[in-house]
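Following: one structure in C-alpha coordinates, then a few remarks.
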Amino acid sequence: MSARSRTNQLLYQAELLVALPIGEDEHTQSRQMALEESALALFELALESLLREVTEHARLAEHRWTVLLAQDGPELAELQRLRDLKAQPESWLNWLAVQLERLHSDEGAARRTVQNPAMIAVGSQTSLRQQLLDNLQAAKHEIGALRETSQEW
(Lines give C-alpha, C1' and ligand atoms only; values in the text may rest on other atoms or scores of the structure.)
Protein backbone atom coordinates (compact mmCIF):
# COMPACT_ATOMS: atom_id res chain seq x y z
CA MET A 1 0.00 0.00 0.00
CA SER A 2 1.32 3.45 -0.83
CA ALA A 3 1.66 6.21 1.76
CA ARG A 4 -1.14 8.10 0.00
CA SER A 5 -3.47 5.09 0.20
CA ARG A 6 -2.59 4.55 3.84
CA THR A 7 -3.30 8.20 4.66
CA ASN A 8 -6.70 7.96 2.95
CA GLN A 9 -7.47 4.67 4.70
CA LEU A 10 -6.65 6.07 8.15
CA LEU A 11 -8.76 9.20 7.60
CA TYR A 12 -11.65 7.06 6.42
CA GLN A 13 -11.35 4.73 9.41
CA ALA A 14 -11.28 7.71 11.80
CA GLU A 15 -14.49 9.01 10.22
CA LEU A 16 -16.09 5.59 10.53
CA LEU A 17 -15.30 5.42 14.23
CA VAL A 18 -16.70 8.85 14.94
CA ALA A 19 -19.90 8.07 13.05
CA LEU A 20 -20.60 4.77 14.84
CA PRO A 21 -23.79 4.73 16.92
CA ILE A 22 -23.07 4.81 20.64
CA GLY A 23 -26.32 3.30 21.85
CA GLU A 24 -28.21 4.16 25.00
CA ASP A 25 -27.19 2.02 27.94
CA GLU A 26 -24.96 2.25 31.00
CA HIS A 27 -21.86 2.16 28.74
CA THR A 28 -22.87 4.98 26.39
CA GLN A 29 -20.48 7.60 27.74
CA SER A 30 -17.56 5.19 27.97
CA ARG A 31 -18.24 3.96 24.45
CA GLN A 32 -18.42 7.55 23.19
CA MET A 33 -15.12 8.41 24.86
CA ALA A 34 -13.46 5.27 23.48
CA LEU A 35 -14.62 6.04 19.95
CA GLU A 36 -13.48 9.66 20.15
CA GLU A 37 -10.03 8.79 21.48
CA SER A 38 -9.66 5.95 18.99
CA ALA A 39 -10.55 8.30 16.14
CA LEU A 40 -8.01 10.83 17.42
CA ALA A 41 -5.33 8.13 17.49
CA LEU A 42 -6.16 7.19 13.89
CA PHE A 43 -6.07 10.88 12.95
CA GLU A 44 -2.56 11.04 14.43
CA LEU A 45 -1.51 7.99 12.39
CA ALA A 46 -2.99 9.64 9.29
CA LEU A 47 -0.98 12.80 9.97
CA GLU A 48 2.24 10.81 10.20
CA SER A 49 1.34 8.91 7.05
CA LEU A 50 0.71 12.22 5.30
CA LEU A 51 4.11 13.49 6.44
CA ARG A 52 5.74 10.34 5.08
CA GLU A 53 3.85 10.84 1.83
CA VAL A 54 4.77 14.48 1.20
CA THR A 55 8.39 14.08 2.29
CA GLU A 56 9.27 10.79 0.63
CA HIS A 57 11.46 12.65 -1.89
CA ALA A 58 13.62 13.87 1.03
CA ARG A 59 14.18 10.34 2.39
CA LEU A 60 13.83 11.41 6.01
CA ALA A 61 14.68 8.94 8.75
CA GLU A 62 12.10 10.41 11.17
CA HIS A 63 8.37 10.82 10.51
CA ARG A 64 6.91 11.69 13.90
CA TRP A 65 4.75 14.77 13.54
CA THR A 66 6.16 16.31 16.72
CA VAL A 67 9.65 16.27 15.15
CA LEU A 68 8.80 17.21 11.57
CA LEU A 69 6.40 20.03 12.48
CA ALA A 70 8.64 21.51 15.17
CA GLN A 71 10.01 24.96 14.38
CA ASP A 72 13.51 23.51 14.10
CA GLY A 73 12.34 20.59 11.94
CA PRO A 74 13.65 19.83 8.45
CA GLU A 75 13.51 22.71 6.00
CA LEU A 76 11.13 21.41 3.35
CA ALA A 77 8.45 23.51 1.67
CA GLU A 78 5.70 20.98 2.45
CA LEU A 79 6.63 20.90 6.12
CA GLN A 80 6.83 24.68 6.34
CA ARG A 81 3.35 24.93 4.84
CA LEU A 82 2.08 22.55 7.51
CA ARG A 83 3.97 24.41 10.27
CA ASP A 84 2.32 27.65 9.12
CA LEU A 85 -1.05 25.92 9.16
CA LYS A 86 -0.39 24.53 12.64
CA ALA A 87 0.38 28.07 13.85
CA GLN A 88 -3.09 29.28 12.81
CA PRO A 89 -5.37 28.98 15.88
CA GLU A 90 -8.48 28.13 13.83
CA SER A 91 -6.85 25.48 11.63
CA TRP A 92 -7.53 21.76 11.75
CA LEU A 93 -3.84 21.07 12.36
CA ASN A 94 -3.67 23.40 15.35
CA TRP A 95 -6.82 21.77 16.74
CA LEU A 96 -5.38 18.30 16.15
CA ALA A 97 -2.06 19.14 17.82
CA VAL A 98 -3.87 20.39 20.93
CA GLN A 99 -6.11 17.32 21.02
CA LEU A 100 -3.15 14.96 20.58
CA GLU A 101 -1.34 16.59 23.49
CA ARG A 102 -4.47 15.98 25.57
CA LEU A 103 -4.78 12.42 24.24
CA HIS A 104 -1.22 11.58 25.32
CA SER A 105 -1.66 13.21 28.74
CA ASP A 106 -2.94 11.49 31.87
CA GLU A 107 -6.27 13.32 31.42
CA GLY A 108 -7.00 12.04 27.92
CA ALA A 109 -8.88 13.95 25.23
CA ALA A 110 -12.42 12.67 25.69
CA ARG A 111 -14.54 14.15 28.47
CA ARG A 112 -17.55 12.82 30.31
CA THR A 113 -20.60 15.01 29.99
CA VAL A 114 -21.92 16.20 33.31
CA GLN A 115 -25.51 15.10 33.88
CA ASN A 116 -26.36 17.64 36.59
CA PRO A 117 -29.76 19.32 36.14
CA ALA A 118 -28.65 22.21 38.37
CA MET A 119 -25.87 23.22 35.93
CA ILE A 120 -26.44 25.74 33.19
CA ALA A 121 -25.46 24.39 29.78
CA VAL A 122 -23.29 26.45 27.49
CA GLY A 123 -24.96 26.35 24.10
CA SER A 124 -21.95 27.14 21.93
CA GLN A 125 -19.83 24.15 22.95
CA THR A 126 -19.37 21.64 20.17
CA SER A 127 -18.92 18.00 21.08
CA LEU A 128 -15.55 16.36 20.49
CA ARG A 129 -17.36 14.04 18.09
CA GLN A 130 -18.53 16.96 15.93
CA GLN A 131 -15.15 18.69 16.18
CA LEU A 132 -13.51 15.49 14.95
CA LEU A 133 -15.86 15.27 11.97
CA ASP A 134 -15.37 18.94 11.10
CA ASN A 135 -11.59 18.77 11.38
CA LEU A 136 -11.33 15.50 9.46
CA GLN A 137 -13.20 17.19 6.59
CA ALA A 138 -10.95 20.26 6.77
CA ALA A 139 -7.87 18.03 6.82
CA LYS A 140 -9.02 16.09 3.76
CA HIS A 141 -9.55 19.33 1.88
CA GLU A 142 -6.13 20.68 2.86
CA ILE A 143 -4.42 17.36 2.10
CA GLY A 144 -5.82 17.48 -1.43
CA ALA A 145 -4.30 20.92 -1.95
CA LEU A 146 -1.00 19.85 -0.38
CA ARG A 147 -0.80 16.81 -2.64
CA GLU A 148 -1.31 19.02 -5.70
CA THR A 149 1.58 21.32 -4.81
CA SER A 150 3.72 18.35 -3.78
CA GLN A 151 3.20 16.75 -7.21
CA GLU A 152 4.26 19.99 -8.91
CA TRP A 153 7.70 19.59 -7.31
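The values are calculated or read from the model by the stated rules, or taken from the named source; none is laboratory data. Model, not experiment: these values are computed from the prediction. FYI the Cβ positions are ideal-geometry reconstructions off the backbone, even for glycines, and counts take in every protein chain you see. What goes into the accessible areas is simple: the full protein's heavy atoms, side chains included, and nothing from ligands, DNA or RNA. Shrake-Rupley method; radii C 1.70, N 1.55, O 1.52, S 1.80 Å.
Of all residue pairs spaced 6 or more apart or on separate chains, those with beta-carbon atoms under 8 Å, a first member in the range 73-88 that is under 11 Å from T55 (Cα atoms) and without any contact (Cβ under 8 Å) to a residue 24 or more places away in the chain and a second member that is open to solvent by less than 60 Å² (accessible area, probe 1.4 Å) and not in a helix (DSSP H, G or I) are P74/T55; P74/L60; L76/T55. Scanning the range 8-22 for residues that are under 22 Å from E53 (Cβ atoms) and open to solvent by 10 Å² or more (accessible area, probe 1.4 Å) turns up N8, Q9, Y12, Q13, E15, L16, L17.
Looking only at the range 102-112, count how many residues are among the basic types (K, R) and part of a helix (DSSP H, G or I).
Counting residues in the range 102-112 that are among the basic types (K, R) and part of a helix (DSSP H, G or I) gives 1.
Would it be correct to say that A34 is more than 25 Å from E148 (Cβ to Cβ), in a loop (DSSP other than H, G, I, E, B) and either touching a Cys at 6+ places or on another chain (Cβ under 6 Å) or in contact (Cβ under 8 Å) with a residue 40 or more places away in the chain (or both)? No: the conditions fail for A34. Within the range 71-101, if we keep just the residues that are in a loop (DSSP other than H, G, I, E, B) and at pLDDT below 95, the residue that is least open to solvent (accessible area, probe 1.4 Å) turns out to be G73.
All conditions but one from (1) closer than 21 Å to M1 by Cβ; (2) touching an Asp or Glu at 6+ places or on another chain (Cβ under 7 Å); (3) assigned to a helix (DSSP H, G or I) apply to H63; the one that does not is (3).
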